[in-house]
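Contents: one structure, followed by commentary.
The values are calculated or read from the model by the stated rules, or taken from the named source; none is laboratory data. Remember, it's a predicted structure, so these values are computed and weren't measured experimentally. Cβ sites come from the backbone with ideal geometry, for glycine too, and all protein chains shown count toward neighbours. The area values use the complete protein model at the heavy-atom level, side chains included, leaving out ligands, DNA and RNA. Shrake-Rupley method; radii C 1.70, N 1.55, O 1.52, S 1.80 Å.
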Amino acid sequence: MSPLPTTVPAIVRTRVRAAVRRRAPMSPREARERALVLRLLSLLSQYPDEELAAHRPGLASAVAALPRSSAAAELSAFMDWFGVQEPDALARHYVETFDLRRRSSLYLTYYLHGDTRRRGMALLTLARRYRAAGWDTDGGELPDHLPVVLEFAALAGPGAGEAPLRMHRRGLELIRHALTESGSPYRHLLSALLGLLPPATDADRAAVAKLAAEGPPEEEVGLDPYGAAHGAGHGVGHAHPAYGDGEFAPPSAFVPPTAAPPARAPRTADGPRPEGRS
């Protein structure tokens, strides 16, 4: 599409570009296939415990049966690696990739808000979105954990269900960039997912570059966001004893405000949480 004349008002140009990027309505069959891809992405991005590892043949068959698409090709490339690794090697790679590296953490609000008060509100808002859609989660993950967000997208559909994914597209781009740099096969899952979302804009790319260079936001005041009690051990914004100088606890260690209800997520093939994985 050729650039719109500069004489066209900015708001009109913005809405025209948005209309061009908006996808045509999907048929029921396309919606089911998309939901299956999202559910597979949710399962494959979870911690590979014994149950998930045991179901690899079935997952491989489901991926092989997908209609041809770029997402299906990326999933197939991932399964070529995932299907032949020893379970211990899978678990070790997952922990090293997602639990010990902040730039490839799967907790999406961390990239948008960092360890700030705003992140607590974002987590609460996301949990409320799930409940408003009739999804009563019953697991133990934070609501911004990517497998949880993907499962919600599969259940609720491409409109409201995928809204959290679109909102956190820049964080997803940064995760893919980090996975590509490290050579992790999990980059295929992020490429498959991003291929389902609207194309990145110049503003998105600029924001991702800035995020990669500067990191997520930090608290703007010199106070512990939720009091000294949360600063003990693995609290928010404090050095984690398992990390070097300047490294903070992983995003999974975030403690929401005490007034927020506990966030719960599905138990679909998920293993122990980051600090308890073995």
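Step by step: first the residues of the stretch 142-159, then only those that are of a type in the set (A, V, I, L, M) and buried (at least 23 other Cβ atoms within 10 Å of the Cβ), then the one that is nearest to the chain's Cα centre (by Cα). Which residue is that? Quick ask: steps written out before the conclusion?
Let us first name the residues in the stretch 142-159 that are of a type in the set (A, V, I, L, M), namely 142, 146, 148-150, 153-156.
From what's left, buried (at least 23 other Cβ atoms within 10 Å of the Cβ): 142, 146, 148-150, 153.
Working: LEU142: 11, LEU146: 3, VAL148: 8, VAL149: 7, LEU150: 8, ALA153: 11 Å.
Checked the stretch 142-159; the qualifying residue nearest to the chain's Cα centre (by Cα) is LEU146.
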(request) Could you check how many residues of the stretch 160-211 are among the β-branched types (Val, Ile, Thr), open to solvent by 40 Å² or more (accessible area, probe 1.4 Å) and either closer than 17 Å to VAL148 by Cβ or part of a helix (DSSP H, G or I) (or both)? (result) 1
(message) PRO217 - would you say it is out of contact with any strand residue (DSSP E or B) (no Cβ under 7 Å at 6 or more places or on another chain), over 24 Å from ALA77 (Cβ atoms) and touching a residue at least 60 places away in the same chain (Cβ under 8 Å)?
(response) yes
(request) Give the residues of the stretch 99-115 that are over 18 Å from SER45 (Cβ atoms) and open to solvent by 50 Å² or more (accessible area, probe 1.4 Å), sorted by residue number. (result) LEU112
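Matching residues to (1) open to solvent by less than 80 Å² (accessible area, probe 1.4 Å); (2) part of a helix (DSSP H, G or I); (3) touching a residue at least 40 places away in the same chain (Cβ under 8 Å):
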position	(1), (2), (3)
TRP81	yes, yes, yes
VAL84	no, no, no
LEU90	yes, yes, yes
THR97	yes, yes, yes
LEU124	yes, yes, yes
GLY134	yes, no, no
GLY140	yes, no, yes
(request) Note down all Cβ pairs under 7 Å where the first residue falls in the stretch 180-196 and is under 19 Å from ALA91 (Cα atoms), the second is small (Gly, Ala, Ser) and at pLDDT 95 or above, and they're at least six residues apart or on different chains. (result) HIS188/ALA77; LEU189/SER45
(request) Quick one: which residue in ARG118, ARG68 is closer than 23 Å to VAL208 by Cα, out of contact with any strand residue (DSSP E or B) (no Cβ under 8 Å at 6 or more places or on another chain) and open to solvent by 80 Å² or more (accessible area, probe 1.4 Å)? (result) ARG118
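In the stretch 61-87, what residues are within 18 Å of ARG34 (Cβ to Cβ) and in contact with a Pro (Cβ under 9 Å, 6 or more places away or on another chain)? Lay out the reasoning, then the answer.
Filtering the stretch 61-87 down to residues within 18 Å of ARG34 (Cβ to Cβ) leaves 62-76, 78.
Result: PHE78, single match.
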